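What follows is a set of notes on a single structure, which appears directly below.
The values are calculated or read from the model by the stated rules, or taken from the named source; none is laboratory data. As the structure is a computational prediction, the values presented were derived from the model and not from experiment. Neighbour counts run over all protein chains shown; Cβ positions are idealised from the backbone, glycine included.
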Amino acid sequence: MTDRKKAENVTQTDAITVRGLEKSYGSVKVINGISLSVKPGEKVVVCGPSGSGKSTFIRCICGLETRSAGDIRVAGHDLALDCSNIRDFGGDVGMVFQHFNLFPHLTALQNLMLAPRLVRGQKREQIRKSAMEMLERVGIAERAQYYPNQLSGGQQQRVAIARALCMQPKVMLFDEPTSALDPETVGEVLEVMSTLARDGMTMIVVTHEMGFARSVADRVILLDEGRIVEENTPEAFFEHPEHERTREFLKKIVHE
Amino acid sequence: MSYDLFMASIPVILEGFRLTVIITLAAFLLGQVAALPLALAAASRHRVVAWPAQFYIFFVRGSPVLVQLFIIYYGLGGLEAVRDSILWPILKEPVGCAILAVGLNSAAYVGALLRGAITQIPPGQSEAARILGLGRWQTLTRVVLPQAYRDVLPVLGNEITLVMKASSLASAVTVIEMTGAARVMVSRTFAPFEAFTVAGLFYLGLALIFAWVFRFVERRSAIPGLSNRES
Amino acid sequence: MIEVIGPYAGQLLMGLMLTLKVALSSFAIGLALAVIATPLTQSARNPLRYVLDVYVTVIRGIPELLVIFLIFYGGTVALTKLSGSYFEVDALSAGIVALAAVSFAYLVEILRAALQAIPKGQTEAALVLGLSRSQLFTRIILPQMFKRALPGIGNQWLIILKESALVSIIGLEELMRKSVIAAGATHHPLTFYMSAACLYVAVTAVSSAAFGAAERRLNPAPR
């Protein structure tokens, strides 16, 4: 058993372990056998053409999508195939969505305070303090009393990041966090994510922002047709891609 | 129209006013309480739960309240099993039956409304709540329902007026609420216009009060910056 | 249970026919009046508009039963006084007039909303193309008004259908009244009221399906 584990390069201290992940929608195989290990503090960027399964992949990791086969271990929790034990995560896995998914009937501050109070039972004053600090951290403390629909897209996404951080996750997942934003606000969100990366957070980011990938990622992965096509350091990935499909993909990205 | 008969009708109608208000408020409340579990059941993924709920909504909305009232008052009252049950004290009273019939009827309409509002809340919200660690019940009560109820609030204001109008059916089972009182007055004086006009004015006044109350609640609970939510 | 209903089945169906007759008549009258009244009172400066608004507000705030009683009992009194000799309003006429008066109010609201939803640009385009006012109305405005109002109109039909049961209270022998008579004669209230309910549900279900199909035909889903 130990030899096998060594051979697969899995360590108990990995932040995220994915082994042989498969997922089908009916007869269509969306994820076709993906294995991945992410060490604590590592930043992995996942990119690929639309339909490659990258969104489904990251949603499988956080338990929002069930899977047909494969093991997933995130932040010390083994995720069941049908995601029935997603509650066990208790906020250890942070997820940032493309469309923010802020709760519109709560202010920014209330959005942040909701989960720590309900899930961890923390005291209101203590949560308020840490929530305000978190809003400071993402540069939006002065809008604490604003409702989501009174904020711009970039501001909402920063609140969403802060909300996930309030649960003190061990791992942060990002599903195309800037794809729904106006170009002017993309920068402020990437800034927050870069700072988060510098502070040592383990991150998987699905994105098209190649500049971000170059400066922040430890590894860049290309997904296509549900499989990992190429996996390498940013320099190697962008300067010396090994596979033809990677080269095609990079060419298309440059034209965008 | 005679002024004297008009004024004479007022105290008579007022006697029925109390029952109109009681039936309206009680039936509305019953409808609200029953509508939520009904809506949740109808929206459930489990067919065993959803189908009966959906059938109930379909049947109750497809038949007149009057028929439902008679089923409860005359129909159920004729059953041995009902007479021996704990519900009998309520069911043998025409007022109780009226409240039950109108309330259960309202529950079907509001239940359908709520179900629609609940299913239209973007699923991303529940996903975010789940990732943050909230359980199913917490997600429902803290994220989904606060928004769903805000969505249906304008229609609820209309619903209570409809419940008030349905309360007049109680007069068909001997209850002397306002419509019943007006009929009594008419049979005494043979002056229908005066009595029914007085009753009409009181109903309108009540409807106005309800409208005002609901507008107030809507304003207080509105999310700043959001005028009319779109799905 | 069949043995109980059996002899009265014919009666119930006769009642159903009368129910449909009452509902259709009052709905048709109400709709026709609404179609005429709504465009005429579009403009807020029109004094008739004010009268219509008050009328709609009143109808929306009082029970339909009250309207039925008012026309039935009040009609008898008023017409007797006016004609000099005893003139009794019959239940059928009273029912149709009352339900027409009620549905008229709600249909005006529905049609008005549908009318306001038509973009102003349509009128402008039509006038520029040279259409006359009446052509504009009949060819452009009216069809669109109906298309948008169809769900509301369909809903109002269902409401009128169910409200027709109220006319049984003033003695009209439609479905509800027939079931009351049968229940009284056989001492099987539950059987007959449930049967009546089932018949109403059947008619409303068929109506719903018909309107749904019509709506889908008028608003084909984008391909």
Query raised in the report: Being within 23 Å of A:Gly63 (Cα to Cα) and hydroxyl-bearing (Ser, Thr, Tyr), is that true of even one residue in the range A:183-198?
Result: no
**Report entry** A:Arg158 within 12 Å of chain B (Cβ to nearest Cβ), touching a helix residue (DSSP H, G or I) at 6+ places or on another chain (Cβ under 8 Å) and buried (at least 17 other Cβ atoms within 10 Å of the Cβ)
**Finding:** no
**Report entry** Selection within the range C:162-190 - over 27 Å from the mean Cα position of the chain (by Cα), within 8 Å of another protein chain (Cβ to nearest Cβ) and assigned to a helix (DSSP H, G or I)
**Finding:** C:Ala183, C:Pro189, C:Leu190
Report summary line: Filter the range C:191-223 for residues that are more than 18 Å from C:Gln156 (Cα to Cα) and within 7 Å of chain B (Cβ to nearest Cβ); the one that is surrounded by the fewest Cβ atoms within 10 Å (Cβ to Cβ) is C:Met194
Report summary line: Per the filter on the range A:78-87, residues more than 20 Å from B:Val144 (Cα to Cα) and either facing chain B (nearest Cβ under 9 Å) or buried (at least 18 other Cβ atoms within 10 Å of the Cβ) (or both) are A:Leu79, A:Cys83
Query - Breaking point among (1) within 12 Å of chain B (Cβ to nearest Cβ); (2) modelled with pLDDT of 90 or more; (3) buried (at least 23 other Cβ atoms within 10 Å of the Cβ), for A:Lys43 - result: (1)
Query raised in the report: Of the residues that sit in the range B:121-153 and are within 22 Å of the chain's Cα centre (by Cα) and facing chain A (nearest Cβ under 9 Å), which one is surrounded by the most Cβ atoms within 10 Å (Cβ to Cβ)?
Result: B:Gln147
Report task. Given the conditions (1) under 20 Å from the mean Cα position of the chain (by Cα); (2) closer than 27 Å to B:Asn105 by Cα, report the number of the one that C:Met145 does not fulfil. Result -> (2)
Requested in this report: Answer yes or no as to whether A:Arg128 is within 12 Å of chain B (Cβ to nearest Cβ) and part of a helix (DSSP H, G or I).
Outcome: no
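I want to confirm something. Restricting to the range A:78-109 and keeping residues that are within 23 Å of the chain's Cα centre (by Cα) and among the polar types (S, T, N, Q), which single residue is farthest from A:Gly20 (Cα to Cα)?
My answer is A:Asn101.
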Query - Check on A:Ala80, among the hydrophobic types (A, V, I, L, M, F, W, C), on the phi > 0 side of the Ramachandran plot and modelled with pLDDT under 90 - result: no
Report task. Give the residue, chosen from C:Leu24, C:Leu33, that is surrounded by fewer than 20 Cβ atoms within 10 Å (Cβ to Cβ), in contact with a Phe, Trp or Tyr (Cβ under 6 Å, 6 or more places away or on another chain), part of a helix (DSSP H, G or I) and modelled with pLDDT of 90 or more. Result -> C:Leu33
Report task. Mind counting the residues in the range A:88-115 that are buried (at least 20 other Cβ atoms within 10 Å of the Cβ) and within 29 Å of A:Val28 (Cβ to Cβ)? Result -> 7
**Report entry** Members of the range C:1-27 found to be farther than 17 Å from C:Glu174 by Cβ and without any contact (Cβ under 8 Å) to a residue 24 or more places away in the chain, listed by number
**Finding:** C:Ile2, C:Glu3, C:Gly6, C:Pro7
Query - A:Ala115 farther than 14 Å from B:Ala128 by Cβ and of a type in the set (A, V, I, L, M, F, W, C) - result: no
Query - All positions within the range B:177-191 that are under 19 Å from B:Lys165 (Cα atoms) and either in contact with an Asp or Glu (Cβ under 8 Å, 6 or more places away or on another chain) or part of a helix (DSSP H, G or I) (or both) - result: B:Met178, B:Thr179, B:Gly180, B:Ala181, B:Ala182, B:Arg183, B:Val184
Query raised in the report: Can you find even one residue in the range B:50-61 that is in contact with a Cys (Cβ under 7 Å, 6 or more places away or on another chain) and within 11 Å of chain C (Cβ to nearest Cβ)?
Result: no
Query raised in the report: Between a first residue in the range B:66-85 that is modelled with pLDDT under 90 and a second residue that is hydrophobic (A, V, I, L, M, F, W, C) and not in a helix (DSSP H, G or I), which pairs have beta carbons less than 8 Å apart while being 6 or more apart in sequence or on different chains?
Result: none
Query raised in the report: Going through the range A:161-187 one residue at a time, which ones are assigned to a helix (DSSP H, G or I), under 17 Å from the mean Cα position of the chain (by Cα), more than 9 Å from chain B (Cβ to nearest Cβ) and closer than 23 Å to A:Met132 by Cβ?
Result: A:Ile161, A:Ala162, A:Leu165
**Report entry** Positions within the range B:127-175 being β-branched (Val, Ile, Thr) and touching a Pro at 6+ places or on another chain (Cβ under 6 Å), in sequence order
**Finding:** B:Val173, B:Thr174, B:Val175
Query raised in the report: Do you know which residues across the range A:215-252 are under 22 Å from A:Val189 (Cβ atoms) and loosely packed, with under 15 Cβ neighbours inside 10 Å?
Result: A:Ser215
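Could you tell me whether B:Val102 is away from every other protein chain (no Cβ under 13 Å) and either crowded, with 18+ Cβ neighbours inside 10 Å or under 20 Å from B:Gly180 (Cα atoms) (or both)?
no
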**Report entry** Single match in C:Leu99, C:Leu70, C:Leu66 (criterion: without any contact (Cβ under 8 Å) to a residue 24 or more places away in the chain, within 14 Å of another protein chain (Cβ to nearest Cβ) and part of a helix (DSSP H, G or I))
**Finding:** C:Leu66
Report task. Search the range A:105-125 for residues that are at the interface with chain B (Cβ under 8 Å from one of its Cβ atoms) and pair each with any residue that is part of a helix (DSSP H, G or I) when their beta-carbon atoms are under 6 Å apart and the residues are at least 6 apart or on different chains. Result -> A:His105/B:Pro146; A:His105/B:Gln147; A:Ala115/B:Leu132; A:Leu118/B:Gln138
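Going by what's in this entry, would B:Ala27 be described as within 14 Å of chain C (Cβ to nearest Cβ), surrounded by fewer than 14 Cβ atoms within 10 Å (Cβ to Cβ) and in a helix (DSSP H, G or I)?
no
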Report summary line: Within the range C:134-152, residues being basic (Lys, Arg) and either touching a residue at least 40 places away in the same chain (Cβ under 8 Å) or crowded, with 16+ Cβ neighbours inside 10 Å (or both) number 2
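Would you check if there is a residue in the range B:75-89 being closer than 23 Å to B:Thr161 by Cα and of a type in the set (A, V, I, L, M, F, W, C)? Before the answer, list the steps.
Step one: filter the range B:75-89 for residues closer than 23 Å to B:Thr161 by Cα, giving none.
No, the range B:75-89 contains no residue that is closer than 23 Å to B:Thr161 by Cα and of a type in the set (A, V, I, L, M, F, W, C).
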Query raised in the report: Is there a residue in the range A:161-176 that is touching a Phe, Trp or Tyr at 6+ places or on another chain (Cβ under 7 Å), hydrophobic (A, V, I, L, M, F, W, C) and surrounded by 17 or more Cβ atoms within 10 Å (Cβ to Cβ)?
Result: no
